[in-house]
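All of the numbers you see were taken from the coordinates with simple rules; none came from a lab. Please read all numbers here as calculations on a predicted model, not as lab measurements. Here Cβ is always computed from backbone atoms with ideal geometry, including for glycine, and neighbour counts include all displayed protein chains.
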Amino acid sequence: MTADADRKTSGVAVALAELGRAMIHGLAWAVLVSTIAPPSSVLVAFAGGFGGCLVGSQLGGSRIRTSAIFAGAAVLIALVAWLRASLTHGSFLAASFGPVGALRLASMLTALLVTAIASAATRAGSTRRAIFSVFELLLVAVAFGQLFVAHRHGSINRPFYLADRIIALGWDPTWLFLFMGGTATVFGLVLLLREQRFGRAVLNLGMIGLLLALIVLATPLVGMPPPPDGGGGLGLRPEQSDTKEGKGQREERGGASASELEFRDKYNPGGARVPVAVVLFHDDYSPPSGVYYFRQGAFSQYNGRKLVVSGRQDIDGDLIPHFPARLSQIANAPEVNENRGPLETTIALMADHTQPFALESPVEVEPMQNPSPNRFRRVYRAMSAVLTADYTSMLDASPGSSDWSKEQWAHYTETPTDPRYSELAAELTAELPARLADNPVAEAFAVTGWLGREGIYSLKNQHSGAEDPTASFLFGDRTGYCVHFAHAATYLMRSLGVPARVATGYALSESARQGGSSLLLSGSASHAWPEVFLDGFGWVVLDVYPERALDPPEQPMDADLQRLLGELARGASPIPLSATDLPKLRELARRISLTFGTWLLALCVFVLFLLYLVKLWRRMAPSLSPPSSLPRVIYRAELDRIGELEVRRRPGESREAFARRVHDRVPAFEPLTKAHLAAAFGGHQADPGQLRDQAAEVRREVRSRFPLWKRFLGLLTPWSWLRSK
Amino acid sequence: MQQAMQTPIDDSLSGAREVAERLGDRLRAAVRGRDEVVELVLVALLSDGHVLLEDYPGSGKTTLARALGNALEEEHGTPGIAAFRRIQFTPDLLPSDITGTNIFDVETSRFAFRRGPVFAHIVLADEINRTSPKVQAAMLEAMAEKQVTVDNQSYLLDDLFFVIATQNPLDLAGTYPLPTPQLDRFLFKIEMKHIDRASELEVLEQYPRASLEVARDHPGVTRSEILAARRQTRVAVHVAPVVKEALVDLARLLRSDSRVLQGASTRALVLMLPALQARAVIHGRDFVSPEDIAALAPYVFKHRLECAPGVEDVNKLIEEATGVEVEKLARASLRRG
């Protein structure tokens, strides 16, 4: 009887909940249908979901068996499919409405009927058994997920039909998704806290978890996820090798990105399409090789097995050692001369990098103010002396630098002791025409050319187990990826006496710019390539371009996204000079300065805090209040306590009637009510000791009659006291 | 349950409460399954109001009235006033048939007043809607004024003059329905419903003995006890100002309702206040609680409202308005002061 009474708690609340549920059904279907049908059908699908949900609630209350409802729904949907087929294939509709009209009409009809039937069936099932509400939750989850999934991997411009409008308004679509996700989560929480049955509470909890996971994964709430395999992209990050040595080495170099070059049997490109940075070109530039190389690190030290980052101070000084705090010049940068021209780029990082990178070869770098702190982790400008000279003009250059010490020469020409390298190198260079014989630069070209012809590019290979993986690659099946090629080329060049090293970073073809001024870098653009040092040129990229590849070619990045992010980065301005004296403080201030989102969060937290504070006050008031108001305060505290458990007085119900209604669950509440009313309407003073005993009895009864999980949920609900009247 | 109430009751009220309890026990023994009606009749008796019972024949109206009459024990000091009288109203009844008439006494050659059946403590006015408006008016005057006028001479009725009138709601052919202003004289109009299965079975179980005989096992009350209880109730039961406000607001709310053509009179409120006090006493309280309003409002207001055509459920209308006021009072009770 009490359960019946509870169910009828309030007609308005029930009707509102019913309408809300119908709205959710409608919206879920509209979202789902929007991907496969024209806008008119989306509207109709909303109506179908809305109506179907209402019908389903009625069905749930009817005497029809659950299995019959599901079977009926399946049959009806099949019937609708047949109807649609016959409508579109028949000539009647086409004759009356024209072919387009007929298709649209049939699509609308299908959308309406299918959504209505499916909604009615899921809703009816959900009202019957908790387990069937999984279908309903799934419907909503899939609809939401469908929205969010397109948004993942930093594709902030997707789904187009939502994001386009938001971006056109000048807002950040991420906020929309956060808002939607937040709303859904709050809704789920409310559902959870209102829930009377344990099974459904668990389901709701799962649902909330799912939504939260979706939000976190899809929106760059915590910044872009780092590239799956680190800055090197190919297992070059020290995190990959969890040896203590690797970490120590990294610290020595002040956060160099790659301390150890890793050969892997299989490079998994999963998630490699997540954008990690966007580069904005201040001027047009076509590299002679047709590929933009962004150098981040270099491996030049031979450790007996492979090349690693050198710990020596006089080596690889052309790298940017760390993120600049102010405008800083690169120590051993190449000069701007007839071979190298200046080019400015702005680089906005979306993922954390341990070491900055720039278009080779950087001359100076300068930190910039972040125009979009929610989007970018760090923005800096780099001036590079980019290669403008043709590769043929390098033939006359001499390898190495005359300024180098003996140790430096030795460092850059150290090779494995394996004699096969020099034998192979000699064999290759023997084919050079007599004019170019003994020209070290031409010999280096010969090496890369030969490797390009003979090597097979594949992310899958079997060399990592070998003592010398490069030898296994070069003298074995010659199947490998850039790390193998770069190592092989470097060893061969070094054995010919040409100073060479392996550089790492990002490489992307000129065509990836797609005519724009911005270039979007993703994990899949990670690359390692061989470089040689030529006098007057500095370190020059001499990459291997394998003619045969076993892997499918990379898809280009989304041009829209590339342009959009480029425009976002364009707003970057240099950090004012006066502030450069305190760059750390400035950076700190930027980090802790509250953005809109943080304010909102702070406000929510504050409101939550207030709610809990009042709740606590009302609960603690009995022990603090004077005896005159004790009956009222103690009654209120216990009213709150049972109100938390969804046992509430109905509007218009007298306090006595409410006490009688809850009598079978909390009998001790009745004398408390009496005492309160006697004080309020009769002006009676009650005995404080007796009142406290009665309140203690209420608490004892609540503990024994209500399950722990429910009491716990009730305690967590911050707004419960607002509803106890 | 009622005894479990912890409210300390004023000493001056213990007598009234005891009387109500004694009477209640006796009536409940006589009329099974009608506890609610018994309580309302008790409330009316203690608050000096009259009751109109609307029911079909054989539902225990007469038994109830008779049991009440029988419960009054003989007492010295009120000669010529019967404890209980029943008047069967018929179309051919004359006013003098109920009030009494002047009769020529041959021996003394003078007109002497012979008292009619209204000169009693408890009067059962059976099927009051079957008699002519003239007789109804005489009866209602007696109820309102506690006096009858015969040949320009007024005769006072007893202080404890309590009328239980009945009418049959179904068989309306040849009746003179009471107009709303006349219904206003009744404190309550009670629509009795069929008693539940267990109670009906109980009535049959005690078969060889009549209900009234069974009731005789319980002690009765005297006239002066009832009058004293009335006085105590009126004086000692506290009515908080907010409750009075709620009462007035309730009446105003009902009057302003667009579905109501004519709302309850101020007299209704004046009559209701002692009724609320009486109910509080019966429930062991010495203050009027919002629940009293919720419990009595339907019986007080239903026959006083004239609703617009098409309004089916007057009870719901009253319930809504009462709910608003009860809610107000309930919330006010949680506020400081």
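By the helix-only formula, in which each DSSP H run with n ≥ 4 contributes -39500 (n - 2.57) and the sum is divided by residues, the protein assembly as shown has a 222 nm mean residue ellipticity of -15500 deg cm²/dmol. The charge dipole of region A:364-472, taken about its Cα centre with unit charges on the Cβ atoms of Lys, Arg (+1), Asp and Glu (-1) only, comes to about 820 debye.
Evaluated with a Cβ-only charge set (Lys, Arg +1; Asp, Glu -1), region A:596-723 carries a dipole of roughly 240 debye about its Cα centre, given to the nearest 20. Taking only the Cα atoms of region B:237-337, the ratio Rg/Rh comes out at 0.98, with Rh defined as the Kirkwood radius. Shielding by partners for peptide B:321-329, expressed as the average number of C-beta atoms from other protein chains within 10 Å of each residue's C-beta, is 3. Listed by chain and number, the aspartates and glutamates placed with their C-alpha closer than 19 angstrom to that of A:LYS460 are A:ASP229, A:GLU262, A:ASP265, A:ASP468, A:ASP477, A:GLU547, A:ASP551, A:GLU554; residues fewer than eight positions away on the same chain are left out.
The stretch between A:LEU436 and A:LEU169, if pulled fully straight at 0.36 nm per residue, gains 90.0 nm over its current Cα-Cα span.
Max-minus-min Cα coordinates of region B:83-141 on each principal axis give 39, 25, 17 Å, with the largest extent listed first.
Residues in region B:100-110 carry Karplus couplings, in order, of x, 8, 7, 10, 6, 8, 5, 5, 9, 6, 10 Hz; the curve used is 6.51 cos²θ - 1.76 cosθ + 1.60 with θ = phi - 60°, and Gly or Pro positions show x. Loop-located GluC sites (Glu not before Pro) across region A:313-348 with a Cβ neighbour count of 16 or fewer within 10 Å are A:GLU335, A:GLU338, with loop assigned by DSSP. The Rg/Rh ratio for chain B, using Cα coordinates for both the radius of gyration and the Kirkwood hydrodynamic radius, is 0.98.
Estimate the FRET efficiency between A:ARG548 and A:PHE179 by the formula 1/(1 + (r/R0)^6), using the beta-carbon distance for r and 45 Å for R0, to the nearest 0.05. E(calc), rounded to 0.05, equals 0.35. Using 0.36 nm per residue and subtracting the Cα-Cα separation, the extra length available between A:ALA71 and A:ALA559 on full extension is 170.9 nm.
Note on region A:10-218: Kirkwood radius taken over Cα pairs, Stokes-Einstein applied at 37 °C and 0.692 mPa s, translational D equal to 178 µm² s⁻¹.
The label-point distance for B:ASP313 and A:HIS89, in a model that sets each label 7 Å from Cα toward Cβ, rounds to 5.4 nm. Restricting region B:288-335 to GluC sites (Glu not before Pro) that sit in a DSSP loop and have at most 13 other Cβ atoms within 10 Å of their own Cβ leaves B:GLU312.
Which pairs, out of B:LYS193/B:LYS316; B:LYS134/B:LYS193; B:LYS134/B:LYS316; B:LYS134/B:LYS302, put more than 27 Å between their alpha-carbon atoms? From B:LYS193/B:LYS316; B:LYS134/B:LYS193; B:LYS134/B:LYS316; B:LYS134/B:LYS302, over 27 Å: B:LYS134/B:LYS193; B:LYS134/B:LYS316. Taking B:VAL31, B:VAL239, B:VAL123 as the candidate residues, the one with maximal mean-square fluctuation in a Gaussian network model of chain B, Cα springs under 10 Å, is B:VAL239. Loop-only check: which GluC sites (Glu not before Pro) in region A:424-475 are DSSP coil with at most 16 other Cβ within 10 angstrom? Answer in residue order: A:GLU431, A:GLU467. Note on A:ASN303/A:TRP719: beta-carbon distance plugged into 1/(1 + (r/R0)^6) with R0 of 51 Å gives a FRET efficiency of 0.20. Each residue, B:LEU183 and B:ARG255, gets one label point 7 Å from its Cα in the Cβ direction; the gap between the two is 1.9 nm.
Dipole orientation for the protein assembly as shown: of the candidates A:GLY497, A:ALA163, A:THR183, A:THR183 has the Cα lying most toward the positive pole (charges on Cβ; Lys, Arg +1; Asp, Glu -1). Along the axis of the charge dipole computed for region A:283-388 (Cβ charges of +1 for Lys and Arg, -1 for Asp and Glu, origin at the Cα centre), the listed residues A:PRO321, A:VAL309, A:LEU343 are led at the positive end by A:VAL309.
Just checking the listed ones, B:SER14, B:SER109, B:SER256: in the Gaussian network model of chain B with Cα springs under 10 Å, the one fluctuating most is B:SER109. Using only side-chain charges placed at the Cβ, +1 for Lys and Arg and -1 for Asp and Glu, the dipole size of the protein assembly as shown relative to its Cα centre rounds to 3180 debye. Distance distribution P(r), the protein assembly as shown, all Cα-Cα pairs, bin width 20 angstrom from 0: 10, 25, 22, 18, 12, 9, 4, 1, 0 percent. The calculated FRET efficiency for the pair A:VAL336 and A:GLU414, based on their C-beta separation and a Förster distance of 22 Å, comes to about 0.10.
Here the gap between B:GLN206 and B:TYR155, fully extended at 0.36 nm per residue and compared with their Cα-Cα distance, gives a gain of 14.1 nm.
Remark: spin-label model distance A:PHE135-B:GLU245 equals 5.5 nm, labels positioned 7 Å along the Cα→Cβ axis.
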